[in-house]
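The structure under discussion appears below in the form of structure tokens.
No value in this document is a laboratory result; all are computed from the given coordinates. Quick caveat: nothing in here was measured; it's all calculated off a predicted structure. Virtual Cβ from ideal backbone geometry, glycine too; neighbours counted across all protein chains shown.
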Amino acid sequence: MSSDSLKIVKNHLENSIGEIGAKMYQKTISKLNISESPSKDEIEKLITNLEGMITPFYGNDKAKEISNELHKKLGEVEKSEVPIDIYKEISTFLADNELPNEKIITDYAKYLSIKYGGNAQKVEKDITEKVKIHIKAGISRKKINEEIINFLARYIDPTEKDVSDFIHYIRLSKIVFQENDVREQIEKERLYRKFHGHQEIEKTSELDQFISFVKTSNDKEAIGKLMEKQGLSYLIKDEKGVSDKSLSEFVELMTPNEKDMKNALEEMGLNHLINKKD
């Protein structure tokens, strides 16, 4: 079962008997060593133990009522959960679709729900969230690769300090990355250039074209309209719908404020990363 099951148990106890319910939950979780993604047996054992703890304080009827309600809620969640095989297909879908639009996602969700008998809305929601993560990760990878190419064009044989300064610089752009991965990528690119020269530029993809448009446009409204036209509005939607804040955050992911970056670098004494190297 998903980790949501534990949230349901905790929230139900808090709503039913308040703070003492939260304490009982934490104590039982610790005692039984329940995993973050518990099995059905773990959940059943958790509820049984909680029922036993609640009884002395609130009586058998109240404890049974809480236990029955929990079983009912968890049963509803289990029915709506996505079969595990669907996730394998979603991984293939992401590998084949760099920037899918809303219609493609909706149609694929319908296909999977028919094939596996899952809840279509749940499947579509899961795919959409995974696509968002997939696209943001793709944007970050492309940004880091572009920055590395520019860095090595100016620092053909960078020192350890140069690389460390570059890592500091990348962090300012709010890109999520693993430092070791970036260092390895720099060294791999450096060695390739040393023995083979510059790598050929990869064929421009749909995501590259979209990033290029965003980077060259100063009009957020135009970007929002393009995303709506191309069926990409889901990338800037939250529970309340499309918002200017979500759009701004998404645009900033691709085009961080250059003035803010310049000021931050100057404050850190890393002017050499923005000034041309002699």
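A cut-off under 15 angstrom between Cβ atoms defines the neighbours of TYR58, and their net charge, with Lys, Arg +1 and Asp, Glu -1, is -3.
Spin-label model, ASN218/LYS45: points 7 Å from Cα along the beta carbon direction are separated by 6.3 nm. On the beta carbon distance between GLU98 and GLU160, with R0 = 41 Å, the FRET formula returns roughly 0.75.
For the cross-link pairs LYS10/LYS103; LYS110/LYS237; LYS31/LYS115; LYS88/LYS220, the ones whose C-alpha atoms lie over 31 Å apart are LYS10/LYS103; LYS31/LYS115; LYS88/LYS220. Were the residues from GLU206 through TYR116 laid out at 0.36 nm apart, the gain over their Cα-Cα distance would be 29.4 nm. The phi-based Karplus calculation (6.51 cos²θ - 1.76 cosθ + 1.60; θ = phi - 60°) puts the 3J(HN,Hα) values of segment 175-191 at 7, 7, 7, 9, 4, 4, 5, 5, 4, 5, 5, 4, 5, 4, 5, 4, 5 Hz, whole numbers, x for Gly and Pro.
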